[in-house]
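Structure first, commentary second.
The values are calculated or read from the model by the stated rules, or taken from the named source; none is laboratory data. Computed from a prediction, not measured in an experiment: that's the story for all the values here. All Cβ positions, glycine included, derive from the backbone under ideal geometry; neighbour counts span all protein chains shown.
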Amino acid sequence: VFAVCGGEEKCQFLQSRGADKTIDYTKDRIVDKVKEFTNGRGVDVVMDQVGGDSLLDCIKSLAFEGRALTIGYASGSIPKIPANQLLLKSSSLIGVFWGSYAQSNPSAFSKSIQQVLQGVADNKLRPHVGKTFSLDEINEAYQYVLDRKSVGKVVIKMKDEDLRSKL
């Protein structure tokens, strides 16, 4: 498992969570590091939540018959996909929008919810809370995320139990 992130602290965190290799995109080209780690072969499967140039790098990093999953566009940029790169490697690009499964495939949606809940119950899925802010600090929390300082989840803690129960 290769994980791509921005900064040494995040790389160390992802290695502590099980990544075999990390790529710091602020220092290295993703494609170059993937080729180095795979002796030029590329990866079989890649998941990208960022979009933009990140998705293009993911496609370039695929091995022959590899699959790229595009899960989101956190960068705000939807790239133009170079179909020739997919063709030349007999690779696939698959769009995954989990939200549409509730209507289009309710049984798959239900099964995935059950699997996630079971993973939480079995303590196999444990989101990392990197920082907690009070509701009064909501602007600081927002800036913290915008500044890309977060490692894991950022939580806003409500003071008023009555307010929390209304959410």
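Name the one entry in Leu86, Leu117, Leu55, Leu14 that is more than 21 Å from Leu146 (Cα to Cα) and either in the same structural domain as Leu146 (by TED's automatic domain parsing) or surrounded by 15 or more Cβ atoms within 10 Å (Cβ to Cβ) (or both).
On inspection, the qualifying residue turns out to be Leu86.
Criterion first (at pLDDT 95 or above and in contact with a helix residue (DSSP H, G or I) (Cβ under 9 Å, 6 or more places away or on another chain)) does Ser92 satisfy it? So that I can check it myself, show each step before the final result.
Details: at pLDDT 95 or above: yes; in contact with a helix residue (DSSP H, G or I) (Cβ under 9 Å, 6 or more places away or on another chain): yes.
Criteria met by Ser92.
Filter region 34-54 down to the residues that are assigned to a helix (DSSP H, G or I), modelled with pLDDT of 95 or more and closer than 23 Å to Ile78 by Cα and list them by number.
Hit for region 34-54 is Val34, nothing else.
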